[in-house]
1. Would you mention how many residues in segment 168-206 are open to solvent by less than 90 Å² (accessible area, probe 1.4 Å), among the charged types (D, E, K, R) and touching a strand residue (DSSP E or B) at 6+ places or on another chain (Cβ under 9 Å)?
2. For segment 158-167, give me each residue that is within 13 Å of Glu108 (Cα to Cα) and open to solvent by 50 Å² or more (accessible area, probe 1.4 Å).
3. Taking interchain pairs and intrachain pairs at least six residues apart, which have beta carbon atoms under 6 angstrom, with the first residue in segment 93-109 and open to solvent by less than 100 Å² (accessible area, probe 1.4 Å) and the second at pLDDT 75 or above?
4. State yes or no: is Ser120 more than 45 Å from the chain's Cα centre (by Cα), at pLDDT below 75 and open to solvent by less than 60 Å² (accessible area, probe 1.4 Å)?
5. Report yes if some residue within segment 12-22 is modelled with pLDDT of 60 or more and out of contact with any strand residue (DSSP E or B) (no Cβ under 7 Å at 6 or more places or on another chain); otherwise report no.
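The values are calculated or read from the model by the stated rules, or taken from the named source; none is laboratory data. Bear in mind the structure is a predicted one, so any value in this text is a computation, not a measurement. Glycine also receives a Cβ, built like all others from the backbone with ideal geometry; neighbour counts cover every protein chain displayed. Each accessible area value is taken on the protein alone, full model and side chains, heavy atoms only, with ligands, DNA and RNA left out. Shrake-Rupley method; radii C 1.70, N 1.55, O 1.52, S 1.80 Å.
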Amino acid sequence: MKIAFLAALCALLISAPAVFAQYKNPAAAADAEMEREKLLRAADTIEDLRKQLDAMRIELDTLRGDMDEMKKENESLRATHKQLAADNQKLAEAITQVDKARDTDRKEIVAAIEEAAQKSKGPAPAAKREPAATPDPAAEKPRKDSSKKPKPKKEGQFYEHAVEKGHTLSAIAKAYGVTVEEIRTANDLKGNNLKIGQKLLIPKKD
C-alpha cells in the first residue's frame, strides 16, 4: 500500500510542473487571446480594404475609358465646328459675290436705259397732234354714237420706251429723270409689272 501511494505521489510530482505552468499567469493568457483577436480583426479589416481598393481600381479604369471617349468626341466636335466655320465663311463670300453681281447688273440696266433715253429724242406717236382736216360742207355729218366714247389723248410730249429684259419702273424712271407715278399715270398702269416689248410713254421734262 505504501508502494502504491509513493507511485501516485511521484506521478503527481512529475505532472505538477506542467499543470502549474498552464495556470501560473492567467492574465497573460487573457492578454495573449485579446492580441490574437485583434490580429484577426486587423486581418479582416485589411482584407476589406484590399477589396475596396480593387473596386476603386476597376472604377478608375472605367472612368479613364470614359474620359478617353469624351476626348475623342470633343476632338470630333472641334473638327465639325471648324468645318462649319469654314463653310459659313464660304457662304458669306458667295453671298457677297452675288450681291456685287446684282449691283453690277442693276448699274448695267440703268446705264442701258439711260443710253436708250438719250437716243430717244422725238415724241411718241401718241403725243403727236395731227392737223385738223378741213370739213367738207357737202359731206353728211355722221350721227354721234353715245355708246362709244372716244379715248382722250394724253396731253404733253412723251418719249417712247420699249421694255427689255431686266427693266423696271424704278430704273426707267431714274434714267429719264421722272417719277414712277408719272410713268404709271401716263400709261394707265396699276402696278409695277412690265412685259418685254411693252411700249411705255415717258413724259418729257422741260
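1. Here the count works out to 2.
2. Glu164, Lys165 - these are the residues of segment 158-167 that are within 13 Å of Glu108 (Cα to Cα) and open to solvent by 50 Å² or more (accessible area, probe 1.4 Å).
3. Qualifying pairs under 6 Å: Ile109/Gly166; Ile109/Ala171.
4. On the way: more than 45 Å from the chain's Cα centre (by Cα): yes; at pLDDT below 75: yes; open to solvent by less than 60 Å² (accessible area, probe 1.4 Å): yes.
Judged against the criteria, Ser120 is a match.
5. Initially, segment 12-22 is screened for residues modelled with pLDDT of 60 or more, giving none.
No, that holds for no residue.
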